[in-house]
Amino acid sequence: MSIQSPGKIYLRLLGYLHPWWKRLVVLLLCTIVFASLSGVTLTLIPPFLHILFGSQVGVEGGGGESGGGSLLVPDSVEQRIDSVTRRARDFIYEGTQTERLARFCLILILLMAVKNVFEYVSTYQTIFLEQSMLKRIRDELYGKIQLLPLSFFDTQRTGHLISRITNDVTNLRGAVVGSLASIIRNGLMAIIAVTIVFYTSWRLSLLTIVIVPINVALIAIISRKLRKGSMRAQERMADMTSVLQETISGVRVVKAFGMERFEQRKFGSFNLRYFREYLKMRRFAELASPTSELLGMTASVIILWYGGRLVISQQLDPADLMMFIGAMLWVVTPIKHLSKLNAVVQEGLASAQRVFEILDVDTEEDTSGEYEIGSFEREIVYEGVHFSYKSGMPVLEDIDLRIGRGEVVALVGSSGAGKTTVADLLPRFYRPTAGRILIDGRDIASISLQSLRALMGIVTQETILFNDSVFNNIAYGMDDCPREDVVRAAAAANARQFIEAMPDKYDTVIGDRGVQLSGGQRQRIAIARALLKDPQILILDEATSSLDAESEALVQGAIDRLVEGRTTLVIAHRLSTIKKADRIVVLEEGRIRQIGTHEELIGEEGIYRRLYSLQIRA
């Protein structure tokens, strides 16, 4: 996927706020009011000083040096400002000095109270919108991952995908809603401060203009470095998450081989890489704020020197100079916040890029056919099927095979012969590189995935169970399933006896991947799940190879009941378990070498007899 521009990424993130646009409007309005009221507090400096010390010699009333205001605003606007200022001044300066001071303090308290109400509403709306957006992105990202084809997962590490949903999405916090509100708040505060600065004294203001292009250039340079650094830091975090996922899920193997210290060292090396990349990124991020502040303070010192001379020469009211300096110092704060915000935004945009890389991958549904198949009536046909992985390595070549309705066909061969791939192509976990697969004369590429897979039940050698109750594992994917149906399926799978011996019977939670069950018990739960679905086509990756004799007998009995009356494709590992198959297909190096019954294949020289003899001797 090509890298999108920061602007496009930001606008795309903003699109996730559409359902809550009214709240966003409230947030922006509250932010504007808060910033405006914050600016008003600056204008209270001259009245406060005048109340305490009386009117000073110089330009009275805060209009700046002679002609200063008229250079910036039209006469009509300036007259309105002067009229409002005069009425406010008359209200504040009425009565004795003590009365004026009390009135001023009351106004200040009311102003701060109102300002903080708007700040609270703004902050709460920011939190609500941020978390709502993150929830929506997490839901969409997880849903997308569920719809991606198996070929996508062949090239992805599980830890990296987990990192996208957890770390990357979390890093978006503050990069959209918070940054937008902060840009408006700090930007408006800076504009108000600059307006006060220019209105007070345009001569002094010209001394500060030089820092603006320097700041802009500085932030632009830091932004580029931050985004690249953040991408690298997130990749290192994803690597670290992958190590965690692998070692925690494989903890039995780690302990069995005494590799605890090795895994600690490996995790430590990944942790160190992340540490270094993160420090490198933050080195640039934290450089922006002090640099901007230093430039601002340098300008303030120059203003203090030059403004002091204007006051000494009685060309400027001392109260206006104090307001000017206050505004200059105040403008440093929003600029400093904006500089820090840049680091948050760049880190968020880097994470958003990684999230959108997943969201923009084509799903299985994007390439799914439209035909809805309701039942399987006649036959399955593999017609000149070839398959290769993305690496280009051929797995299957020129596979021609017909499977009639109700027939049990077993696939045998040495490891890597292509047995599992032949089975995986039928439910369209993968697509043939060449050739096609037909069900009742229709290419499965034209059939919708949902209706195609609804025909099938799959029992794999690696039983996948969830950290949930026995009932929910058996009834997986079936809403409002009657309890008696689950009990019947469990009985048919030879699982009822051990289930009802559990403390909570069918409500017993079996742990992550069914860790609280034995291998044979897990397989029988999986078979009960397939029996409950009652599929017309069954794909069976024989699950008895790693079981003891007693468990194998129970599982095999359940399999016999499961296969009865169904069209079945069996991936056989123990050849002794497939003697009853209607046909046996022998694969070698991705090609079909032999087809026949057990008796036929044993009676002729070939791969099957050699494999069978090896297993019998073993």
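The values are calculated or read from the model by the stated rules, or taken from the named source; none is laboratory data. Note that the coordinates shown come from a computational prediction; the quantities given were computed from them, not determined experimentally. Positions of Cβ are backbone-derived with ideal geometry, glycine not excepted, and every protein chain shown enters the neighbour counts. These accessible areas exclude ligands, DNA and RNA; they are computed on the full protein's heavy atoms, side chains included. Shrake-Rupley method; radii C 1.70, N 1.55, O 1.52, S 1.80 Å.
Just to be sure, is Asp541 closer than 15 Å to Ile464 by Cβ and touching a strand residue (DSSP E or B) at 6+ places or on another chain (Cβ under 7 Å)? Talk me through it step by step, then tell me what you get.
Numbers: closer than 15 Å to Ile464 by Cβ: yes; touching a strand residue (DSSP E or B) at 6+ places or on another chain (Cβ under 7 Å): yes.
The answer is yes for Asp541.
Take the conditions among the aliphatic types (A, V, I, L, M) and in contact with a Ser or Thr (Cβ under 7 Å, 6 or more places away or on another chain) and apply them to Val395. Does it pass?
On the way: among the aliphatic types (A, V, I, L, M): yes; in contact with a Ser or Thr (Cβ under 7 Å, 6 or more places away or on another chain): yes.
It is true that Val395 is among the aliphatic types (A, V, I, L, M) and in contact with a Ser or Thr (Cβ under 7 Å, 6 or more places away or on another chain).
Out of all the residues in segment 527-557, which are farther than 24 Å from Ile584 by Cβ and at pLDDT 70 or above?
The answer is Ala528, Arg529, Leu531, Leu532, Lys533, Asp534, Leu554.
Any residue in segment 273-295 that is under 21 Å from Phe198 (Cβ atoms), acidic (Asp, Glu) and at pLDDT 70 or above? Steps first, answer last, please.
Going through segment 273-295, the residues under 21 Å from Phe198 (Cβ atoms) turn out to be 292, 295.
Retained after the next criterion (residues that are acidic (Asp, Glu)): none.
Looking through segment 273-295, none of the residues is under 21 Å from Phe198 (Cβ atoms), acidic (Asp, Glu) and at pLDDT 70 or above.
Hey, can you tell me all the residues within segment 152-197 that are over 30 Å from Ile325 (Cβ atoms) and among the hydrophobic types (A, V, I, L, M, F, W, C)? Walk me through it before giving the result.
Let us first name the residues in segment 152-197 that are over 30 Å from Ile325 (Cβ atoms), namely 152-178, 180.
The answer is Phe152, Phe153, Leu161, Ile162, Ile165, Val169, Leu172, Ala175, Val176, Val177, Leu180.
Take Ile458 and tell me if it is in contact (Cβ under 8 Å) with a residue 60 or more places away in the chain, buried (at least 18 other Cβ atoms within 10 Å of the Cβ) and closer than 22 Å to Phe152 by Cα. Spell out how you get there, then give the answer.
Details: in contact (Cβ under 8 Å) with a residue 60 or more places away in the chain: yes; buried (at least 18 other Cβ atoms within 10 Å of the Cβ): yes; closer than 22 Å to Phe152 by Cα: yes.
Yes: the conditions hold for Ile458.
Taking segment 555-610, which residues are among the small types (Gly, Ala, Ser) and in a helix (DSSP H, G or I)? Spell out the reasoning first.
Taking segment 555-610 and keeping what is among the small types (Gly, Ala, Ser), we get 557-558, 565, 572, 576, 581, 590, 596, 603, 606.
Those that are among the small types (Gly, Ala, Ser) and in a helix (DSSP H, G or I): Gly557, Ala558, Ser576.
Would you mention how many residues in segment 106-162 are of a type in the set (Ser, Thr, Tyr) and touching a Pro at 6+ places or on another chain (Cβ under 9 Å)? Steps first, please.
From segment 106-162, those of a type in the set (Ser, Thr, Tyr) are 120, 122-124, 126, 132, 142, 151, 155, 158; that's our starting set.
Now restrict to residues that are touching a Pro at 6+ places or on another chain (Cβ under 9 Å): 132.
Of the residues in that region, 1 qualify.
Considering segment 115-174 alone, what residues qualify as being open to solvent by 40 Å² or more (accessible area, probe 1.4 Å) and aliphatic (A, V, I, L, M)?
Once the filter is applied, which keeps residues that are open to solvent by 40 Å² or more (accessible area, probe 1.4 Å) and aliphatic (A, V, I, L, M), segment 115-174 yields Val117, Val121, Ile127, Leu147, Leu150, Ile162.
Give the residue that is most open to solvent (accessible area, probe 1.4 Å), with candidates limited to residues of segment 367-423 that are part of a strand (DSSP E or B) and on the phi > 0 side of the Ramachandran plot. Steps first, answer last, please.
The first filter runs over segment 367-423 and keeps only residues part of a strand (DSSP E or B), leaving 371, 379-388, 394-404, 408-412.
Imposing the further condition that a residue be on the phi > 0 side of the Ramachandran plot reduces the set to 384, 398.
Working: Gly384: 21, Asp398: 77 Å².
Checking each candidate, the answer is Asp398.
Scan segment 17-31 for residues that are of a type outside the set (S, T, N, Q), open to solvent by less than 80 Å² (accessible area, probe 1.4 Å) and closer than 15 Å to Thr126 by Cβ and jot them down.
Of segment 17-31, the ones of a type outside the set (S, T, N, Q) are 17-30.
Remaining after also requiring open to solvent by less than 80 Å² (accessible area, probe 1.4 Å): 17, 19-20, 24-28, 30.
Leu17, Trp20, Leu24, Val25, Val26, Leu27, Leu28, Cys30 - these are the residues of segment 17-31 that are of a type outside the set (S, T, N, Q), open to solvent by less than 80 Å² (accessible area, probe 1.4 Å) and closer than 15 Å to Thr126 by Cβ.
Identify all residues within segment 482-506 that are assigned to a helix (DSSP H, G or I), within 19 Å of Ala553 (Cβ to Cβ) and of a type outside the set (Val, Ile, Thr); write none if there are none. Give the steps one after another, and end with the answer.
Filtering segment 482-506 for residues assigned to a helix (DSSP H, G or I) gives 483-492, 496-500, 505-506.
Then keep just the ones that are within 19 Å of Ala553 (Cβ to Cβ); that gives 490-492, 496-499.
Selection gives Ala490, Ala491, Ala492, Arg496, Gln497, Phe498.
With the requirement that a residue be open to solvent by 10 Å² or more (accessible area, probe 1.4 Å) and in a helix (DSSP H, G or I), what does segment 507-522 give you?
Across segment 507-522, the qualifying residues are Asp507, Asp512, Arg513, Gly519, Gln521, Arg522.
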